[in-house]
Amino acid sequence: MNHLAHCFLSFGDEDLLLGNFIGDFVKGHDWERYPRPVQHGILLHRAIDSYTDNHPLTDRSVTRIRPLARRYAPPFVDILYDYLLAIHWEKHTAEAFETFAQKTYQQLEKRASEMPPILQERLPKMLAGQFLHGYTRRDGLDWVLQRFSTRLSGQFDIQALSDTFFQEIDGFSEDFNGFFPDLVAHAKHTLQQNR
């Protein structure tokens, strides 16, 4: 899962949010350097990623785009799933998207000084651009896909990948809406075990 889902799966807890948000940038045992409540968020991030990578419905989505994304299909699906979470938001929570997003922006800004340097550098632009809102629009999704592809080795036809996704969005939505409640339950179970 990408930014939106990791923020959502922090369940409004600021320490969890910080850990979940920085999870990709905390390698190996470096998580042990953080305060215990933030550690829970970093470990939750890892549990979310592992569960997502091994779920059969996620695998079905990965198969749909593998010809276009090859070995990078799983992380591309993570990005596509953030868009699906945004457009199916009301299926998964009673909290308004705008309320959630603004609260998340405020919490992240408040904790910016505790983030790894690369995120401290990126966060102001992310907040100024209301990065979570980007997942609510196709042009925002395409921008994230394009940006991600520039960090990978190899060439990707992002327009073809995006077109395939939107042509088959009903199938992707079926995969996502079947998978996401399982992920929510797994995240909550992980938190119960770690506390």
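What residue, among those in segment 149-178 that are farther than 21 Å from Arg60 by Cβ and not β-branched (Val, Ile, Thr), is surrounded by the most Cβ atoms within 10 Å (Cβ to Cβ)? Out of the qualifying residues, it is Ser149. All of Ala5, Ala96 fail the test of being surrounded by fewer than 22 Cβ atoms within 10 Å (Cβ to Cβ), of a type in the set (A, V, I, L, M) and at pLDDT 95 or above, apart from Ala96. On the given criteria, is Ala69 surrounded by 15 or more Cβ atoms within 10 Å (Cβ to Cβ) and under 15 Å from the mean Cα position of the chain (by Cα)? Considered against the rule, which asks whether it is surrounded by 15 or more Cβ atoms within 10 Å (Cβ to Cβ) and under 15 Å from the mean Cα position of the chain (by Cα), Ala69 comes out as no.
Here is a yes/no grid of residues against (1) within 30 Å of Phe166 (Cβ to Cβ); (2) in contact (Cβ under 8 Å) with a residue 40 or more places away in the chain:
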{"position": "Pro74", "(1), (2)": "yes, no"}
{"position": "His92", "(1), (2)": "yes, yes"}
{"position": "Glu95", "(1), (2)": "yes, no"}
{"position": "Gln102", "(1), (2)": "yes, no"}
{"position": "Gln106", "(1), (2)": "no, no"}
{"position": "Glu109", "(1), (2)": "no, no"}
{"position": "Pro117", "(1), (2)": "no, no"}
{"position": "Glu121", "(1), (2)": "no, no"}
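Of the candidates Arg60, Arg71, the single residue that is at pLDDT 95 or above, in a helix (DSSP H, G or I) and more than 22 Å from Ile22 (Cβ to Cβ) is Arg60. If you go through segment 32-54 and keep only what is farther than 15 Å from Ser10 by Cβ, assigned to a helix (DSSP H, G or I) and of a type outside the set (Val, Ile, Thr), you end up with Glu32, Arg33, Arg36, Ser50, Tyr51, Asp53. For segment 113-139, the set of residues classified as surrounded by fewer than 16 Cβ atoms within 10 Å (Cβ to Cβ) and farther than 23 Å from Ile87 by Cα consists of Ser113, Glu114, Pro116, Pro117, Ile118, Gln120, Glu121, Arg122, Pro124, Lys125, listed by residue number. Highlighted here are the helices (runs of 4 or more DSSP H) found entirely within segment 102-195 that include at least 1 residues which are out of contact with any Pro (no Cβ under 6 Å at 6 or more places or on another chain), polar (S, T, N, Q) and at pLDDT 95 or above: 158-167, 169-194. Entry remark, segment 127-179: residues being of a type in the set (A, V, I, L, M) and under 27 Å from Ala96 (Cβ atoms) number 7 in total. Scan segment 25-48 and tell me whether some residue there is of a type in the set (Gly, Ala, Ser), at positive phi and exposed (fewer than 14 other Cβ atoms within 10 Å of the Cβ). Checked segment 25-48: at least one residue is of a type in the set (Gly, Ala, Ser), at positive phi and exposed (fewer than 14 other Cβ atoms within 10 Å of the Cβ). In the set (1) closer than 21 Å to Val144 by Cα; (2) touching an Asp or Glu at 6+ places or on another chain (Cβ under 8 Å), the condition left unmet by Val38 is number (1).
Among the residues of segment 9-25, some residue qualifies, meaning at least one is polar (S, T, N, Q), outside any helix (DSSP H, G or I) and either more than 30 Å from Gln167 (Cα to Cα) or within 13 Å of the chain's Cα centre (by Cα) (or both).
The values are calculated or read from the model by the stated rules, or taken from the named source; none is laboratory data. These numbers were taken from a predicted model, which means no experiment stands behind them. Every residue, glycine among them, receives a Cβ derived from its backbone with ideal geometry; neighbour counts consider all protein chains shown.
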